[in-house]
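For reference, the structure is listed below as structure tokens.
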Amino acid sequence: MFDGGFADNMNKILLNDLDVSSSHMERLTKDLLGHQTITQLFLDVEQSHVKRITSSLTGSVPKFRSALRVCA
């Protein structure tokens, strides 16, 4: 069995990872949607689908941050 201190430290590490990951996801999705990356890398027929999927990832950021508030 692990003592409470270990579990608390592990939870803090995991919550920090989630916080950093949500910040990275937010920045990356904004970069992808805000620049010509999609138009340069994907065919015209694929672009709307890629943009829609990328936009859906943006919706995950508030969910992650909400989970952080609940756990904090």
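The residue that is surrounded by the fewest Cβ atoms within 10 Å (Cβ to Cβ), among those in segment 3-22 that are in contact with a helix residue (DSSP H, G or I) (Cβ under 8 Å, 6 or more places away or on another chain) and not charged (D, E, K, R), is ASN11. Helices (runs of 4 or more DSSP H) fully within the chain that include at least 2 residues being in contact (Cβ under 8 Å) with a residue 12 or more places away in the chain and out of contact with any Lys or Arg (no Cβ under 6 Å at 6 or more places or on another chain): 4-34, 44-58, 60-71.
Each reported figure results from applying straightforward, stated rules to the coordinates on display, with no laboratory input. All of these numbers come straight from a predicted model, not from anything done at the bench. Glycine gets a Cβ as well: all are built from the backbone with ideal geometry, and neighbour counts include every protein chain shown.
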